[in-house]
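See structure below.
The values are calculated or read from the model by the stated rules, or taken from the named source; none is laboratory data. On a predicted model such as this, the values are computed, not experimentally measured, just so you know. Counting neighbours? That spans all protein chains shown, and the Cβs are built from the backbone with ideal geometry, glycine included. Ligands, DNA and RNA are stripped out before the accessible areas are found, and what is left, the full protein with its side chains, is counted by its heavy atoms. Shrake-Rupley method; radii C 1.70, N 1.55, O 1.52, S 1.80 Å.
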Amino acid sequence: MRVLATKLFVPPPRVQAIARPRLIRKLDDGATAGRKLTLISAPAGFGKTTVLSEWIAASRITDPDLRVGWLSLEDSDNDPARFLTYLVAAMDASTALSSDPTLSIDSTMTSLINEVAQRSGRMLMVLDDFQLIENAAVRDAVTFLLDHTPANLHLAIASRSDPLLPVARLRARGELTELRAADLRFTTQEAAEFLTAATGLALTPGDVAALEARTEGWIAGLQLAALSLRERTDASEFIAAFTGSNRFVIDYLIEEVLDQATLEVRDFLCQTAILDRLSGPLCDAVTGGSGSTEMLAALERANLFVVPLDDQRQWYRYHHLFADVLQVRLLAHGIDHANELHSRASEWFEHNGAPEEAVRHALAGSDFARAARVIESTVPAVRKSRQDTTLLRWLALLPQTIIDRRPVLRVFSAWSSLVAGDIAAVEPQLASAEQQLVSEADGPDHESEAGEELDSLPVTIAMYRAAIAMASGDILAIRTHAQRALDLAAPDDYLGRGGSAGMLGLAAWSGGDLEGGAHAFRESSSYLRKAGNLLDALSTTMVVGDMLLGLGRLSEAQLGYERALLEADGHPPTADLHAAVSEIFLQRGQLEAAADHLNAAEALGASAFSHEHRYRWSSGMARLRKSEGDLDAALAHLIEAQMQYRRGFFPDARPLEAMKARIWITQGRLSDAGTWIAEQGLKSTDELTYLTEFGHLTLARWLLAQKTPESLDEALALLARLAQAADLAGRDGSLIEIFVLQSLALQSQQVSALAPLERALALAEPEGITQIFLDEGEPMLQLLRDAAGAGIRPEFVRTLSRALRATDESGPASPMADSLSDRELHVLRLLATGLSGPEIAHALHVSLNTMRTHTKHIFLKLEVNDRATAVRRAESLGLI
């Protein structure tokens with residue numbers, strides 16, 4: 001009932017309206033000038049809603065097709081999912097919310113903006129009472145809307161204080177229209193018109209000026225004065241006595257208004273002041289009387305600070321300032337009376353399908369037992385809609401003694417501790433809840449009611465214990481608790497089974513069993529799909545992809561990414577998938593293709609990335625720049641990635657700091673790299689684990705770079721142990737790097753390096769992995785010459801050698817360039833245009849894979865490694 005639907009209804013003025021053309025012109029000028037935002041910021045009672053209502057009414061005269069959405073905000077809208085739900089409804093959109101809490105804002109806002117942009121005609125979206133919004137995620141959503149406002153949408157915000165939005169930036173760009181208290185204050189002429197219309201009295205100019213001066217043009221104060229003046233015959237005397245500071249003046253006027261109302265009206269106003277919204281049946285329940293529907297209609301006719309919330313006049317609310325005063329008067333009758341009214345309201349809302357408001361009133365009335373019962377009943381729906389913030393807020397308001405009697409709430413209280421990082425507080429709460437469940441044999445030893453959450457509580461407890469183990473790095477405990485959760489989950493508990501399988505996958509991944517981890521996450525994805533959670537199911541593609549890369553199975557990973565991108569169809573997690581799949585092309589030395597995917601991800605905007613995977617784009621750019629030889633740019637991107645990285649539950653198998661250390665080694669900054677190695681406590685004699693493998697390989701690179709007999713021997717000993725561990729676990733991706741480093745170490749010792757080089761080439765060739773060889777430059781070229789002489793992997797060795805020599809673009813022309821087919825020349829000419837890969841494939845009427853095959857052959861014949869170099873080489877040869 002808070003959402004005012006598009007084109008159907010706009011709130012009437014909260015005060016009696018008068019023509020204020022100076023304000024309407026200013027608002028019109030801003031909207032027609034293409035500005036994004038109208039901000040009306042002023043204290044309570046300055047007529048912010050009124051002037052917006054007048055502006056909309058005037059605008060519809062000139063543009064009858066203007067669409068209007070109006071959202072009157074409340075404290076509860078600080079829950080991001082709730083805010084997005086109402087925003088979508090207010091904009092009359094069909095956009096669906098994402099089930100992933102980290103992605104719901106990004107995905108919903110993008111879809112919503114796209115939907116609005118496709119509409120014909122103008123739309124105005126009003127956010128009223130924005131000062132109530134304190135949640136940063138909600139403000140980020142509005143900022144995103146302002147940053148990507150379609151041309152046919154204008155946003156208007158009314159607030160008692162300046163919102164924490166990019167107002168200064170919009171002002172500097174000329175994209176902001178502002179009305180402040182100084183603009184909204186009635187001028188003397190406007191005050192005269194208002195008071196005459198409101199009182200029906202012919203006030204003298206002196207009387208009007210006195211009231212205008214004493215209220216400083218504050219509209220609510222003038223309205224209160226007008227209400228008192230209606231029944232006064234001595235207007236001048238009343239106005240002459242109307243002196244004092246603003247607070248005392250307003251107190252006096254409130255007394256005047258209420259004292260002149262009947263006892264029945266005063267009682268009704270005070271008893272219903274606890275309500276944020278009012279309807280006849282609700283007010284009957286709270287007051288214990290009848291006839292509330294008629295009373296509300298009478299209050300509206302009397303302009304007694306009652307604002308209708310729909311055009312059927314079923315729901316109303318009090319003017320905020322008036323409600324504040326009424327609540328103060330209510331508390332004068334004692335807190336017990338107010339608590340009883342809140343309990344009645346809570347009961348009504350519970351029985352009428354509004355559990356959130358039922359909880360709010362139960363908490364406000366200190367009826368904590370009722371609040372706890374209603375909260376438990378809403379847990380399944382709240383969790384399914386991902387309104388976790390709401391649940392956490394409720395738990396924080398309940399006394400611990402109430403929580404302790406309900407194992408369901410006790411477990412979710414443990415979860416709140418886990419979210420807050422208070423790991424030590426989690427297990428005692430889980431153990432106590434578990435004990436309450438065990439004691440049920442002799443009758444319930446708790447107050448939780450039977451239902452879905454109580455039935456699945458053992459699964460939840462096991463899952464949270466697995467999460468505790470994950471936080472402490474206890475892999476055996478993760479497996480134990482996750483397997484228990486999976487064993488306890490009902491066959492149709494797809495979310496429970498999906499979460500349990502994911503935890504088992506994380507345990508396997510952390511322990512270096514990448515095959516087992518990938519299998520577990522595929523199972524998790526299957527369960528998540530059955531639960532209808534497609535977004536999370538698609539997000540597992542990146543987790544599985546990371547493990548497949550470690551196993552050296554790039555083709556399998558690429559297939560998974562291609563399927564996921566097709567299924568995501570531009571919606572989340574498309575940006576994450578593009579950033580992640582770029583790693584495959586980077587490893588294959590296909591820098592152009594990698595750049596295409598990174599550019600595609602960037603084009604979707606920063607908000608299109610999930611918080612958990614946003615760093616992938618920056619780390620991908622770092623690898624791309626490193627492969628291109630721009631090491632300073634690579635470091636800059638890694639620093640950016642570090643700022644974006646969120647630890648989460650995923651194992652940090654390739655620490656960003658280690659990637660920085662590798663660049664330092666390439667730059668010859670061995671001292672900086674050595675400092676990092678010392679800080680990490682890395683030694684060549686350490687016990688080896690999968691989670692330290694990348695760090696130990698970085699240590700091996702540092703030892704090789706020193707090129708002393710001792711450091712080379714130490715590096716080779718470490719690499720031998722790393723090879724054994726990776727070989728046992730089937731991590732071919734790791735083995736390729738280990739064998740490359742072994743061959744470089746042996747080369748430095750001036751002994752045969754062909755044995756490890758041959759093993760590296762044998763593992764890399766089937767998957768087209770080239771960049772790890774190309775990154776080593778001239779030393780690798782010499783090793784490849786030796787391999788060619790020994791007849792090792794001749795075709796692959798020739799491909800790598802040509803790619804390494806192609807870095808010198810001024811070198812001799814390729815003898816194979818003349819062998820380009822007509823079709824390949826056609827593709828080559830298209831590569832010289834600005835068309836993307838898919839666009840070229842479309843122009844050729846072939847699949848993208850076929851186009852890529854042509855491109856691969858062209859690169860091979862021109863002895864180049866990327867699109868830009870191919871075009872330059874072809875131009876120099878006169879081929880295009």
Using a Förster distance of 25 angstrom, determine the FRET efficiency expected from the C-beta separation of Arg169 and Ala136, and round it to 0.05. 0.90
Between the alpha carbon centres of segment 405-423 and segment 34-95 the gap in Å comes to 38 Å
Sequence order, segment 115-121: Karplus ³J(HN,Hα) from phi using 6.51 cos²θ - 1.76 cosθ + 1.60, θ = phi - 60°, Hz rounded, Gly and Pro as x, gives 5, 5, 4, 7, 7, 8, x
Note to self, the chain gives a 222 nm [θ] from helices alone (DSSP H runs n ≥ 4, -39500 (n - 2.57) apiece, / all residues, nearest 500) of -20000 deg cm²/dmol
Residue-wise, which Karplus ³J(HN,Hα) couplings in Hz belong to segment 786-799, taking 6.51 cos²θ - 1.76 cosθ + 1.60, θ = phi - 60°, and x for glycine or proline? 5, 5, 5, x, 8, x, 7, 6, x, 5, 5, 5, 5, 4
For q = 0.05, 0.08, 0.09 Å⁻¹, what log10 I(q)/I(0) does the chain give under the Debye formula with an equal point scatterer on each alpha carbon and no solvent? -0.41, -0.89, -1.02
Mean-position separation - Cα centroids, segment 775-793 and segment 177-208, in angstrom: 89 Å
Using a 7 Å offset from the Cα along the Cα-to-Cβ direction at both Gln750 and Ser94, what is the distance between the two label points in nm, to one decimal? 7.6 nm
Percent carbon-and-sulfur accessible area, segment 817-876, ignoring ligands, DNA and RNA, probe 1.4 Å: 55 percent
Given Cβ charges of +1 for Lys and Arg and -1 for Asp and Glu, the option among Thr692, Gly730, Gly777 whose Cα lies farthest towards the positive end of the dipole of segment 600-797 is Thr692
Calculated FRET efficiency, Glu115 and Ala633, Cβ-Cβ r, R0 51 Å, to nearest 0.05? 0.85
Could you tell me how many degrees, from 0 to 90 and to the nearest 10, lie between the Cα long axis of helix 709-729 and the main elongation axis, the longest principal axis, of the Cα atoms of the chain? 70 degrees
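Could you compute the FRET efficiency for Gln327 and Ala197, with r as their C-beta to C-beta distance and R0 at 25 Å, rounded to 0.05? Before the final figure, lay out each step's value.
Numbers: r = 30 Å, r/R0 = 1.19.
That gives a FRET efficiency of 0.25.
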Note the angle between two axes, namely the Cα long axis of helix 320-331 and the longest principal axis of the Cα atoms of the chain, as a number of degrees from 0 to 90, rounded to the nearest 10. 70 degrees
Expressed as a whole number of Å, what is the distance separating the alpha-carbon centroids of segment 358-378 and segment 447-516? 30 Å
Can you tell me which lysines have their Cα less than 27 Å from the Cα of Lys36? Leave out same-chain residues fewer than eight positions away. Lys7, Lys26, Lys48
Accessible area per residue in Å² at 1.4 Å probe, computed on segment 600-797: 44 Å²
By its C-alpha gyration tensor, with a ≥ b ≥ c as the square roots of the eigenvalues, how is segment 358-414 shaped: rounded for a/c under 1.5, else prolate for a/b larger than b/c, else oblate? oblate
Quick one: which residues, 5+ away or cross-chain, put their amide H under 5 Å from the amide H of Glu447? H built at 1.01 Å from N. Arg406
Longer than 25 Å from Cα to Cα, which of Lys660/Lys861; Lys683/Lys707; Lys707/Lys861; Lys660/Lys856 are they? Say none if no pair is. Lys660/Lys861; Lys707/Lys861; Lys660/Lys856
Per DSSP loop assignment and a cutoff of at most 14 other beta carbons within 10 Å, the chain keeps its longest run without exposed GluC sites (Glu not before Pro) at 450-686
For segment 849-864, just list the computed ³J(HN,Hα) in residue order, Karplus coefficients 6.51, -1.76 and 1.60, θ = phi - 60°, integers in Hz, with x standing in for Gly and Pro. 5, 5, 4, 5, 5, 4, 4, 4, 5, 4, 4, 5, 6, 8, 6, 10
Antiparallel bridge percentage (DSSP; both residues within the chain; nearest 5): 20 percent
Gly589 long-range amide H proximity, modeled H, under 5 Å: Thr770, Gln771
